[in-house]
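> Quick one: the structure is below, and I'll ask about it shortly.
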Amino acid sequence: MNEYLSDHVHLSDDGTAVVILDQTQLPNRTEYLTLRTAQEMFDAIQMLQVRGAPCIGICAAYDFYVLAQQVDGNTNAVQFLSELSKQADYLASSRPTAVNLRWALDRMLETAKRCAEYPDRLEVLHQECIAIHKEDIAMCRSIAEYGLSLIKNGDGILTHCNAGPLATSRYGTALGPLFLGKERGMDFHVFSDETRPLLQGARLTSYELSRAGINVTLICDNMASLVMKNGWIQACFVGCDRVAANGDAANKIGTSGVAILAKHYGIPFYVLGPTSTIDLNCVSGEDIPIEQRDSEEIKEKFYTEPMALPEVTCYNPAFDVTDHELISGIVTEYGICRAPYTESLRAVFEKKRAGLPYGTPEED
Ligand code: MRU
């Protein structure tokens, strides 16, 4: 296993805290944070010290387990559940768009409901957060395999934001096929959008890829059209924060623009994500809440002095929704879903509910 595919969210050795790699310090510093209180956990997610939809879900599951230890004490089952439910709502409010956060907290809460009366309830919750983490590793590996079947050696790939190992565990989603292809001796040329305003593409994607020896060129977001026009891109691979039942996909702001450009230039545009990011309760993208963030991120962050007057108003949505009609395929751990997505996504969930194995591109 490549060292850059190692886990960056885990429990402390004594299991009473969550340890995360602080992603806001990358690529210049490798610093870890130890999270013990609900406030520290909320802040780490809200400030993007831990980020990427699946990774936030994994972190939240560990957070829940740590908080469960703190409320365990002499609480009866009702008090235990009531306190944990409050903590889960609090953590879930830190970032509204990435559904993995609420998904993981709900799964931990459901487990807590089942085991609240047991003397070993903490151990049951411990096993559940480990299971969520392990499942993400397996899902990413399968997504990588399916994604790799869509590209060939030497292809140019454009990606937006960061959907690599840092945003998940191990392989990542949108970047997974590239890591897997690299392991198999393939070469790709990746163009990484820098991803304004928080620069996940510059700080994280180009860091992960270059450290793994994958050929990456960093571009400003407004250069995507030109590199496509030049014929340098054979496919776009992006991650997702929430996919609606009709295939509309929320991802980092700017993703929908990439999809529109890809359609213009006749380039396939793929969204890669695990089923934990698909929310069938959202009928379409209209139902996906979009996080709004502070104007400081646009005007000041990363600059040595403010780049706009204090009185200038900013609009800073963290995500946009790509219309399903612009998406060539949605790559899940169960395979590649094609339009009509209402049917293909439902079919994936039927397989999941039936507990079927993921399958392989060769079998599909
Ligand atoms: O605001 P961020 O950095 O958490 O946004 C992340 C993205 O948009 C990713 O593409 C998405 O979460 C998928 S990560 C596998």
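> Between VAL283 and GLU296, what length in nm is gained on full extension when 0.36 nm per residue of separation is reduced by their alpha carbon distance? All intermediate terms of the calculation are to be shown ahead of the outcome.
Numbers: separation 13, 0.36 × 13 = 4.68 nm, distance 3.31 nm.
Extra length available between VAL283 and GLU296 comes to 1.4 nm.
> 5 Å is the cut-off here: which amide hydrogens, built 1.01 Å from N in the peptide plane, fall below it relative to LEU11, excluding neighbours closer than 5 in sequence?
For LEU11, the qualifying residues are VAL19.
> For the chain, modelled as a GNM with alpha-carbon contacts under 10 angstrom, which of THR342, THR75, THR173 fluctuates the most?
Ranking THR342, THR75, THR173 by mean-square fluctuation puts THR75 first.
> Calculate, in nm to one decimal, what TYR315 and GLN39 gain on full extension: separation in residues at 0.36 nm each, minus their alpha carbon distance. Walk me through the numbers before you get to the answer.
Values: separation 276, 0.36 × 276 = 99.36 nm, distance 2.67 nm.
Roughly 96.7 nm would be gained on extension.
> I need the shape label for the range 137-281. Rule: rounded when a/c is under 1.5, else prolate if a/b > b/c, else oblate, with a, b, c from the alpha carbon gyration tensor. If you can, show how the numbers build up before the last one.
Details: a/c = 1.33, a/b = 1.05, b/c = 1.26.
Verdict is rounded for the range 137-281.
> Here is a further query. Can you give me the distance in nm between label points at LEU81 and TYR303, each placed 7 Å from the Cα along the Cα-to-Cβ direction?
So the two model labels end up 5.2 nm from each other.
> Right, something else. Quick one: if the Förster radius is 25 Å, what FRET efficiency do LYS263 and TRP232 give, using the C-beta to C-beta distance and rounding to 0.05? All intermediate terms of the calculation are to be shown ahead of the outcome.
On the way: r = 17 Å, r/R0 = 0.68.
After rounding, the FRET efficiency stands at 0.90.
> Scan around PHE319 for amide H atoms under 5 Å from its own, H built in the peptide plane at 1.01 Å from N, and keep only partners 5 or more places away or cross-chain.
Amide H to amide H, under 5 Å and 5 or more residues apart or across chains, PHE319 pairs with ILE253, GLU291.
> Out of MET186, MET307, MET41, any idea which swings most in a Gaussian network model of the chain, alpha carbons joined below 10 Å?
Sorting by GNM fluctuation, first place goes to MET307.
> Extending each Cα 7 Å along its Cβ direction at ASN215 and GLU350, get the distance between those two points in nm, one decimal.
It is 4.3 nm.
> How large is the helix-only mean residue ellipticity at 222 nm for the chain, computed as the sum of -39500 (n - 2.57) over DSSP H runs with n ≥ 4, divided by its residue count, in deg cm²/dmol to the nearest 500?
On the way: 11 runs with 138 residues, N = 364.
That comes out to -12000 deg cm²/dmol.
> Under a 5 Å amide H to amide H cut-off, with H placed in plane at 1.01 Å, what residues pair with ALA235 once short-range neighbours are removed?
GLY156, LEU158
> Please list, in order along the range 66-74, the HN-Hα scalar couplings obtained from phi with the Karplus expression 6.51 cos²θ - 1.76 cosθ + 1.60 (θ = phi - 60°), rounded to whole Hz, x for Gly and Pro.
The phi angles translate into 5, 5, 4, 5, 6, 9, 4, x, 9 Hz.
> Give me a comma-separated list of calculated 3J(HN,Hα) values for the range 152-160, in order, Karplus coefficients 6.51, -1.76, 1.60 applied at θ = phi - 60°, integers in Hz, x for any Gly or Pro.
With the stated coefficients, the range 152-160 comes to 10, 3, x, 5, x, 10, 9, 10, 10 Hz.
> How far is helix 341-353 tilted, in degrees, relative to the longest principal axis of the Cα atoms in the chain, given as a value from 0 to 90 rounded to the nearest 10?
40
> At a Förster distance of 30 Å, what's the computed FRET efficiency of ASP323 paired with ASP364, Cβ-Cβ distance as r, to 0.05? Display every interim value, and only then the final one.
Details: r = 25 Å, r/R0 = 0.84.
After rounding, the FRET efficiency stands at 0.75.
> Could you pull out which residues in the range 262-293 have an amide N less than 19 Å from a spot 7 Å beyond the Cα of THR342, following the Cα-Cβ vector?
278-288
> Also, I was wondering about something else. Can you work out ³J(HN,Hα) from phi for every residue in the range 302-312, in order, using Karplus 6.51 cos²θ - 1.76 cosθ + 1.60 and θ = phi - 60°, giving whole Hz and x for Gly and Pro?
6, 9, 6, 9, x, 9, 8, 5, x, 7, 6
> Expressed as a whole number of Å, what is the distance separating the alpha-carbon centroids of the range 195-235 and the range 269-323?
If we compute the Cα centre of each part, the gap is 19 Å.
> Note down the relative contact order for the chain as a percent, whole number, built from C-alpha pairs under 8 angstrom at least six residues apart.
Working: 720 pairs, mean separation 56.3, N = 364.
Once divided by the residue count of the chain, the mean separation gives 15 percent.
> Same structure, new question: Cα axis of helix 77-92 to longest principal axis of the chain: angle in degrees, 0 to 90, nearest 10?
Approximately 20 degrees, to the nearest ten.
> Express the relative contact order of the range 1-159 as a whole percentage, based on alpha carbon pairs under 8 Å and six or more residues apart in sequence. Provide the component values of the computation, followed by the final result.
Numbers: 171 pairs, mean separation 30.7, N = 159.
Averaging sequence separation for qualifying contacts and normalising by length gives 19 percent for the range 1-159.
> With the other protein chains left in place, how much accessible area per residue, in square angstrom, belongs to the range 202-319 at a 1.4 angstrom probe?
On the way: 5330 Å² over 118 residues.
Computed with neighbouring chains in place, this is 45 Å² per residue.
> Here is a follow-up. Once you have a ≥ b ≥ c as the square roots of the Cα gyration tensor eigenvalues for the range 202-307, tell me rounded if a/c is under 1.5, and otherwise prolate or oblate according to whether a/b is larger than b/c. Could the numbers behind the result be given before it?
Numbers: a/c = 1.63, a/b = 1.14, b/c = 1.43.
Here the range 202-307 falls in the oblate category.
> Among all stretches of the chain without exposed chymotrypsin sites (Phe, Trp or Tyr not before Pro) (DSSP loop, at most 13 other Cβ atoms within 10 Å), which one is longest?
On the way: sites that count: PHE302, TYR303, TYR315.
In short, 1-301.
> Compute the acute angle (0 to 90°) between the alpha-carbon long axis of helix 121-148 and the principal axis of greatest extent of the alpha-carbon atoms of the chain; round to the nearest 10°.
10
The values are calculated or read from the model by the stated rules, or taken from the named source; none is laboratory data. Small disclaimer: the values here were computed from a predicted structure and weren't measured. Reconstructed Cβ throughout: ideal geometry from the backbone, glycine too, with neighbour counts over all protein chains shown. The area values use the complete protein model at the heavy-atom level, side chains included, leaving out ligands, DNA and RNA. Shrake-Rupley method; radii C 1.70, N 1.55, O 1.52, S 1.80 Å.
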